[in-house]
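One structure is given below, encoded as structure tokens.
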Amino acid sequence: MVLAESEIATTPHVAVVSSPGMGHIIPLFEFARCLVTLHGLHVSFLNITTEASTAQMQLLHSPNLPSGLDVVDLPLVDLSTLAFDVCKELSIPVYSFCTTSAAFLAFSLYIPTMDREIEGEYVDLPEPVRLPGCSRVRIEDLLDQVRDRKNDEYKWYKYHVSRLPKAAGILVNTWEDLEPIALGAIRENPVYTEIPTPQIYPVGPLIKDIEPLTASDVDCLAWLDKQPTDSVIFIALGSGGTLSTQQLTEFAWGLELSGQRFIWVVRLPSDIACDMASFFCAGDGEAINDGREMEYLPEGFLERTKEVGLVVSSWAPQVAVLSHPSTGAFVSHCGWNSSLESVRCGVPMIGWPLYAEQRMNATMLMEDVGVLTKPVVEPGQKTIGRLEIERLMRTAIEGEEGKACRRKAKELKESAGKTLSIGGASYESLSHLAKQWKAY
């Protein structure tokens, strides 16, 4: 959420409020940086404090923050409704910042209409959900919050998305070349214009460009330096993504059978972690490890793959790895930040969605964008077998489908650079807003 306020005889002041969680904080903090460094605004970044990770503290409280960017820590509180109502009384414009894809924004904007027009559960519909002017949403890709309309999570989600028309505008972390279908539909389709949908401002891709490196991170990048171009598969499932013990075993065997080079971020299996922290079952939060992660890999795996692979515990410098020329594919949970980082670096993806809107992202990135491959999964199948994983890994590096995804990803890397440059569509979109706020 973005609040614009003028200050008498001083630089215009913008308050940026992020929901907790790195998936929201990273793009909004990069947005705040851009407002300060590129557009000359004063920004207060309001950080709703939780049990913050080390990475979050390093990001928000770095000694190298630009002058004009202030971080203000607040107690845990829901500011979403309060901000809209208070700012309306004060005549301060409030903008919404969408940290997901434009395709998911289109789905969210359409939820109140679906709620009025569709009887019964969405998961019982006989065919995919038809979004006006957009690609269809497969029933199996629906996010968990809309799978049970009697659930409080669905009611809360519907309440929040129904308030989007109250915003003065909606900023989206995407760009024209990546999502022309969804952006065009939101702007032009009568269903969306009659909502009425506020003006859309694509300002992405905003990703974390700089991250501090630990000694193990440096070792990881040094290992990459020794590998051929586009040869390494990077496997990392976000800050909270884990696999079950059975799936971890199958993944390891499939990876080994493929013979491909890899960097794999291994975490404690989800069925073990659920005994330690309940949020793992919902796929939220930051993964916890207790030093036993490697014990759950097949016996002898580390020794047998040491010439082609590097296994790291818990975390790797994702942007640095993705931007390295040796990285040729990315096994991703398809969170929107990770997806943007991968495309921004020109790296194709193997989709391994786990929760939230990640299944929708994976399908869109495969069918509409062409930068992702996915495993073939039978209905009701919970564990993907080693032979399918072997096929996926080989295809990503050696197969024609993988090479086509790589070409498309590299095209979009160039497009992303252009859209963020002076004169590019995303740069000018944000510049237009900044000028409005300065004149406010």
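Based only on the alpha carbon positions, what is the Kirkwood hydrodynamic radius of region 289-343, in angstrom?
13.3 Å
State, as an integer percentage, the relative contact order of region 313-440 based on alpha-carbon contacts under 8 Å between residues 6 or more apart.
Dividing the mean separation by the residue count of region 313-440 yields 23 percent.
Taking the Cβ-Cβ separation of HIS61 and LEU38 as r and a Förster radius of 22 Å, what is the calculated FRET efficiency to the nearest 0.05?
0.50
Give me the lysines in straight-line cross-link reach of LYS306: C-alpha distance below 25 Å, same-chain residues under 8 apart excluded.
Correct list for LYS306: LYS226.
Relative to a virtual label point 7 Å from the Cα of ARG304 in the Cα→beta-carbon direction, which members of region 355-394 show backbone nitrogen distances below 14 Å?
Only 386-387, 390 fall inside the zone, counting backbone N under 14 Å.
Which percent of the accessible area of region 310-404 is formed by carbon and sulfur heavy atoms (probe 1.4 angstrom)?
54 percent
What does the accessible area per residue of the chain come to in Å², with a 1.4 Å probe and no ligands, DNA or RNA counted?
Accessible surface, normalised per residue, equals 44 Å².
How big, on average over all directions, is the shadow cast by the Cα convex hull of region 398-440, in nm²?
So the mean shadow area of the Cα hull is 3.4 nm².
Taking θ as phi - 60°, what are the ³J(HN,Hα) couplings along region 112-121 by the Karplus curve (6.51, -1.76, 1.60), each to the nearest whole Hz, with x for Gly and Pro?
Going residue by residue, I get x, 5, 4, 4, 6, 9, 10, 9, x, 7 Hz, with x marking Gly and Pro.
R0 = 41 Å: FRET efficiency of ARG116 with GLN246, Cβ-based, nearest 0.05?
After rounding to 0.05, the efficiency reads 0.45.
Quick one: plug the Kirkwood hydrodynamic radius of region 166-212 (C-alpha pairs) into Stokes-Einstein at 20 °C, 1.002 mPa s, and report D in µm²/s.
Calculated translational D: 181 µm²/s.
Can you send over the solvent-accessible area of TRP315, 1.4 Å probe, protein chains only, in Å² to the nearest 10?
Per-residue accessible area (TRP315): approximately 120 Å².
Would you work out the relative contact order for the chain, in percent, from Cα pairs under 8 angstrom that are 6 or more residues apart?
After rounding, I find 16 percent.
Could you calculate the contour length gain from ARG138 to ARG163, that is, 0.36 nm times the residue separation minus the distance between their Cα atoms, to one decimal place in nm?
6.5 nm
Starting from one equal scatterer on each C-alpha and no solvent at all, send me the Debye-based log10 I(q)/I(0) for the chain at q = 0.05, 0.12, 0.13, 0.14 Å⁻¹, two decimals.
Debye curve over Cα of the chain, log10 I(q)/I(0) at q = 0.05, 0.12, 0.13, 0.14 Å⁻¹: -0.17, -1.07, -1.26, -1.45.
Toward the positive end of the charge dipole of the chain, about the Cα centre and with charges on Cβ (Lys, Arg +1; Asp, Glu -1), which of VAL266, ASN151, SER216 goes farthest?
Towards the positive end, the residue furthest out is SER216.
I need the semi-axes of the equivalent ellipsoid of region 321-391: take the C-alpha gyration tensor, multiply each eigenvalue by 5, square-root it, list largest first in whole angstrom.
21, 15, 10
Students often forget the sequence filter, so: which aspartates and glutamates lie under 15 Å Cα-Cα from LYS374 once same-chain residues fewer than 8 apart are removed?
Straight-distance partners of LYS374: GLU140, ASP141, GLU388, GLU390, GLU400, GLU401.
Calculate the dipole size of the chain relative to its Cα centre from +1 charges on Lys and Arg beta carbons and -1 charges on Asp and Glu beta carbons; express the result in debye to the nearest 20.
With only Lys, Arg, Asp and Glu charged at Cβ, the dipole is about 920 debye.
Between VAL191 and LYS155, how many nm apart are label points set 7 Å from Cα along the C-beta direction?
With each label point 7 Å from Cα toward Cβ, the separation is 2.6 nm.
Can you tell which of SER162, GLY335, PRO66 lies farthest toward the positive end of the dipole of the chain, using +1 and -1 charges on the Cβ of basic and acidic side chains (Lys, Arg; Asp, Glu)?
Result: PRO66.
To the nearest 20 debye, what is the magnitude of the charge dipole of region 330-430 about its Cα centre, counting +1 on the Cβ of each Lys and Arg and -1 on the Cβ of each Asp and Glu?
220 debye
Once every DSSP H run of n ≥ 4 in the chain is given -39500 (n - 2.57) and the sum is divided by its residues, what mean residue ellipticity at 222 nm do you get, rounded to the nearest 500 deg cm²/dmol?
Result for the chain: -12000 deg cm²/dmol, rounded to the nearest 500.
On full extension of the chain, what length is gained from GLN381 through ASP225, given 0.36 nm per residue of separation minus the C-alpha to C-alpha distance?
52.3 nm
Using only Cα atoms, find the angle between the long axis of helix 22-37 and the longest principal axis of the chain, and express it within 0 to 90 degrees, rounded to the nearest 10.
For 22-37 against the chain, the angle is about 50 degrees.
The values are calculated or read from the model by the stated rules, or taken from the named source; none is laboratory data. Remember, predicted model here, so these are calculated numbers, not experimental data. Virtual Cβ from ideal backbone geometry, glycine too; neighbours counted across all protein chains shown. For accessibility, only protein heavy atoms count, side chains too; no ligands or nucleic acids. Shrake-Rupley method; radii C 1.70, N 1.55, O 1.52, S 1.80 Å.
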